[in-house]
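See below for the structure under consideration.
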Amino acid sequence: MQKIIANNKQVEIVEDDSPAVKPSHLLIKTMYSIISPGTELTIIENSTDKQITLGYSAMGVVEECGSDITDVKPGDLVAVYGAPYVQHSEYLLVPKTLYAKVPSNVKPKEAALAGIGAIAIHALRVANLQFGETVSVVGLGLLGQMIAKIADAAAYNVIAYDFHEERASMLQEETNIKSFSAVNAMENTIKNDTNGNGADAVLLCAGGKKSPLTAQSLEWIRNKGKVVIVGDIEPDFPRNRMFSKEAQILISRAGGPGRYDKTYEAGANDYPYGFVRWTEGRNIEEYIRLVSEKRINVSSFIKEEINFSDVSAAFDELVDKKSTTLTKVINFSK
């Protein structure tokens, strides 16, 4: 089979052995996978003198089920998430803790975004917001826009910001989301909407070293408010500002409980439902539910489709942070 890797800062297609099914796993023939620019462009940049497999969010058709899989069968469509099990690869071997069945009213390309959706959902869970609270989403790439849409679906008051007008304008079509490309306009809206108290939480979905956004975010939250680091941004929080508001600084790691736990992932051992309500696998299912019930519209994310063989050029095009093309969908059937 073929898969996509980063090698010496270049994107390459290489040959690899096809996986064989094993207990508690699914063998999947990939239909679509999603490029995650924030993560994958960083991996490409850091791939000097080494090969790194790319990709973590995809969907496909079940080819074969492990001996104890009972909820899906060959021919069913599933959404899958989580490297190294999920890659930009023709075939995937995925543990039962990392997939969700795709209903007939969810388009395959929508389902391929499940990994992005799970990460967005987990970020909002980390913020631990209550019904009706105000959240500011800063940085409107693929993940930031997904978070804003899901936050709106959860009936939070969503105020979004991105330096680039092209990105901010994409969310202005969502009637309940207030989206800005000027900091002053965002700050005034936070003040007006919260009677001067500040947002309950700011989710930082941007990247950068020593970004001024981290310090600025403390100005935007209320007393005892929260700042959740979601993107690849280096924290630089002044102590006096944190102290004056007794701010909570949190970080969101990937798609939820279970991530990076070999027992949960490679061992395919789920956590008890009553003790860990929302795992990364259950967050995948929740994303699929949101799309199925039309609570979120992700059509703007999946307009650009490319053939598997043309993938190298696609990564180059995603470097432009002004572009309204947030990702590209890789089609494995062409």
- [ ] Would you mind working out the accessible area per residue for the chain, using a 1.4 Å probe, and quoting it in Å²?
- [x] 45 Å²
- [ ] Mind pulling the angle between the C-alpha long axis of helix 142-153 and the longest principal axis of the chain? Nearest 10 degrees, somewhere in 0 to 90.
- [x] 70 degrees
Open item on the list: How large a share of the accessible area of the chain, in percent, is made up of carbon and sulfur atoms when the probe is 1.4 Å and the other protein chains stay in place?
Closed with: 47 percent
Open item on the list: As a quick test, which of the pairs K109/K322; K209/K262; K3/K109 have an alpha carbon distance above 28 angstrom in this structure?
Closed with: K209/K262
- [ ] Leaving ligands, DNA and RNA out of it, rank T53, T189, T263 by accessible area with a 1.4 Å probe, largest first.
- [x] T263, T53, T189
Open item on the list: Tell me which of Y273, G258, S300 sits at the most positive position along the dipole axis of the range 217-318, charges placed on C-beta atoms (Lys, Arg +1; Asp, Glu -1).
Closed with: Y273
TODO: On a 0 to 90° scale, report how tilted helix 280-292 is relative to the longest principal axis of the chain, with both axes built from alpha carbons and the result rounded to the nearest 10.
DONE: 80 degrees
Open item on the list: Taking 25 Å as R0, compute the FRET efficiency from the Cβ-Cβ separation of Q130 and N184 and round it to 0.05.
Closed with: 0.35
TODO: Could you order Y287, Y260, Y91 by accessible surface area, starting with the largest, using a probe radius of 1.4 Å?
DONE: Y260, Y91, Y287
Open item on the list: What are the extents of the Cα atoms of the chain along their three principal axes, in Å, largest first?
Closed with: 58, 45, 35
Task: Local electrostatic count, I249, Cβ distance below 15 Å [Lys/Arg +1, Asp/Glu -1] - done: +2
Open item on the list: Cut-off under 18 Å on the C-alpha distance; same-chain residues fewer than 8 positions from K73 excluded. Which lysines are left, in chain and number order?
Closed with: K22, K29, K96, K101
Open item on the list: To test your reading of the geometry: what angle, between 0 and 90 degrees and rounded to tens, separates the Cα axis of helix 183-193 from the longest principal axis of the chain?
Closed with: 80 degrees
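The values are calculated or read from the model by the stated rules, or taken from the named source; none is laboratory data. Treat the numbers as computed from the prediction; the structure is a model and nothing was measured. Cβ sites come from the backbone with ideal geometry, for glycine too, and all protein chains shown count toward neighbours. In case anyone asks, the SASA skips ligands and DNA or RNA and just uses the protein heavy atoms, side chains included. Shrake-Rupley method; radii C 1.70, N 1.55, O 1.52, S 1.80 Å.
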